[in-house]
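The values are calculated or read from the model by the stated rules, or taken from the named source; none is laboratory data. Treat the numbers as computed from the prediction; the structure is a model and nothing was measured. Positions of Cβ are backbone-derived with ideal geometry, glycine not excepted, and every protein chain shown enters the neighbour counts. Ligands, DNA and RNA are excluded from the accessible area calculation, which covers all protein heavy atoms including side chains. Shrake-Rupley method; radii C 1.70, N 1.55, O 1.52, S 1.80 Å.
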Amino acid sequence: EVMSLCHDGVECWGEVSHRAVLELAARARARIYPVQHDEAHHHAGVDCLGVGCPVITYDRGAMAEVFEDGVDGFVVRDRVEFQGAMMKAETLDRGKIEGRAWARWGPVAVGDRLMPVLIEASRGARWG
C-alpha cells in the first residue's frame, strides 16, 4: 500500500541490519513510517533523525511527541498529507534534524534525564 503512494524512484529494501538502516538513512530523502496503530515510540525513526534523515509518519500514538512536524519530519493525518510530505522532505534542514536528535535522544541527554530517576530508585523510591 505504501509503494502505491511513491513515485518510480522509491525502492523497498525489506528487512536490513541496523548498520544498513543508518547507512541508508544518511543518504535517504526521508524515512517513511506509515504506522497504523497507536505506538508509544519509534526507535528506528529516532535513529534516522540521528543521521539527519527526516521521518514521515501518521499522527498515531506518541508520534507527534517524538517528531516535530515540519522540523525533523512530518506528522500527517491522511494519505494525501503523507504524499505531500514525501515531496517536501528535502526542504528540511538535515543538520538541524541531526543536532536536535542528539540533543534530545543522544546518550548524554538520556543519561541526564535518567540518572535522577535511577538515584531515587536506588534510595527506595517506588512509583505506581
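Applying 1/(1 + (r/R0)^6) with r as the Cβ-Cβ distance of THR91 and HIS37 and R0 = 30 angstrom yields a FRET efficiency of 0.55.
Cysteines in the chain that lack a partner Cβ within the 4.7 Å cut-off: CYS6, CYS12. Under 5 Å from the amide H of VAL76 lie the amide H atoms of THR57, TYR58, ASP59, each residue being 5 or more positions distant or on a separate chain, with H modelled from the backbone and absent for Pro and chain starts. Heavy-atom accessible surface of ILE97, to the nearest 10 Å², is about 0 Å², with a 1.4 Å probe and all protein chains retained.
The accessible surface of the chain, taken with every protein chain in place and a 1.4 Å probe, is 54 percent carbon and sulfur. Here the Debye sum runs over all C-alpha atoms of the chain as equal scatterers in vacuum, and log10 of I(q)/I(0) at q = 0.18, 0.20, 0.22 Å⁻¹ comes out as -0.97, -1.15, -1.34. Along Cα→Cβ, 7 Å out, is where each label goes; now give me the distance between the ones at ARG113 and CYS6 in nm to one decimal. About 3.0 nm separates the two model spin labels.
Label-to-label distance, VAL71 versus ALA20, with points set 7 angstrom from Cα along the beta-carbon direction: 3.4 nm. Take the Cα of TRP105, step 7 Å toward its Cβ, do the same at SER122, and the gap between the two points is 2.8 nm.
Among 69-76, 108-115, 13-20, what's the highest-first ranking by average C-beta atoms within 10 angstrom per residue?
69-76, 108-115, 13-20
Computed over protein heavy atoms with a 1.4 Å probe, the accessible surface of the chain works out to 64 Å² per residue.
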